[in-house]
Amino acid sequence: GEDVEQSLFLSVREGDSSVINCTYTDSSSTYLYWYKQEPGAGLQLLTYIFSNMDMKQDQRLTVLLNKKDKHLSLRIADTQTGDSAIYFCAEREGKLIFGQGTELSVKP
Amino acid sequence: NAGVMQNPRHLVRRRGQEARLRCSPMKGHSHVYWYRQLPEEGLKFMVYLQKENIIDESGMPKERFSAEFPKEGPSILRIQQVVRGDSAAYFCASSGYDTEAFFGQGTRLTVV
């Protein structure tokens, strides 16, 4: 079935690293995505990873993929208050299937 | 290259009226997806279209909702005889074949 799961909340202090976790169900997904949504705004594509990769790094963002466990994570280094938002992971099965979103709160 | 354009950004309709939401995909994209987001909730898939074809409408309510993506012009999500429960943010995304999907800013529908 289609089910992407994320923890709902994460709170960190400014300057710390944040790790947002996601589990997905479809082992045939070719792409896995991370999107960011700020209040009242649309979804901004942050990064994505091909299913044949284990890791992808893009500036402060690191994506790790464990295909065996169907586990995806997003690490944000040196988290800033401007990173406060809701983060969605998504898998591609033709359409995009989204998790419920993780609300990241960054405290100064 | 403009991003995905949705209009209107805000739409207010009385119960029983029709709502038409428009989505112009990014240049070169032929795949469009519509999602609904209720307050404090995630995104629920509604429909996936390619030019002139509905690929997957498994998330569309059986009544009152329809979508199209004509050969020319934007994709339209149409809600007939709106009810208060239709109040939500409706997001559109577009992509090429098996490429990353980009979202518009959404249309916030309020039914009064």
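The values are calculated or read from the model by the stated rules, or taken from the named source; none is laboratory data. Predicted, not measured: the structure shown is a model, and the values here were computed from it. Neighbour counts are summed over all protein chains in view; Cβ atoms, including those assigned to glycine, are modelled from backbone coordinates with ideal geometry. Remember, those area values only see protein heavy atoms, side chains included, never the ligands or the DNA or RNA. Shrake-Rupley method; radii C 1.70, N 1.55, O 1.52, S 1.80 Å.
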### Task
Specify the residue that is farthest from B:Phe91 (Cα to Cα); the eligible residues are those in segment B:30-57 that are among the charged types (D, E, K, R) and open to solvent by less than 80 Å² (accessible area, probe 1.4 Å).
B:Lys51
#### Entry: Restricting segment A:64-99 to residues that are touching a Phe, Trp or Tyr at 6+ places or on another chain (Cβ under 8 Å) and closer than 14 Å to A:Lys36 by Cα, the residue that is nearest to the other protein chains (Cβ to nearest Cβ)
A:Phe98
### Message
Based on this model, can you work out whether A:Gln44 counts as of a type in the set (S, T, N, Q), open to solvent by less than 60 Å² (accessible area, probe 1.4 Å) and under 18 Å from B:Ala101 (Cα atoms)?
### Response
no
### Message
Among the numbered criteria (1) in a loop (DSSP other than H, G, I, E, B); (2) within 14 Å of chain A (Cβ to nearest Cβ); (3) touching a residue at least 12 places away in the same chain (Cβ under 8 Å), which one does B:Asp98 miss?
### Response
(3)
### B:Lys27 vs. criteria part of a strand (DSSP E or B) and basic (Lys, Arg)
no
### Query
Could you list, in sequence order, the residues of segment A:50-63 that are away from chain B (no Cβ under 11 Å) and in a strand (DSSP E or B)?
A:Met55, A:Lys56, A:Gln57, A:Asp58, A:Leu61, A:Thr62, A:Val63
#### Entry: Every residue from segment A:10-35 that is assigned to a strand (DSSP E or B), open to solvent by 20 Å² or more (accessible area, probe 1.4 Å) and within 12 Å of chain B (Cβ to nearest Cβ)
A:Tyr31
### Message
If a residue must be touching a residue at least 12 places away in the same chain (Cβ under 8 Å) and more than 10 Å from every other protein chain (Cβ to nearest Cβ), how many such residues does segment B:54-72 contain?
### Response
10
### Summary
Taking segment B:66-83 and keeping residues of a type in the set (A, V, I, L, M, F, W, C), assigned to a loop (DSSP other than H, G, I, E, B) and under 20 Å from B:Phe103 (Cα atoms) leaves B:Phe69
### Verdict on A:Gln59 being polar (S, T, N, Q) and on the phi > 0 side of the Ramachandran plot
yes
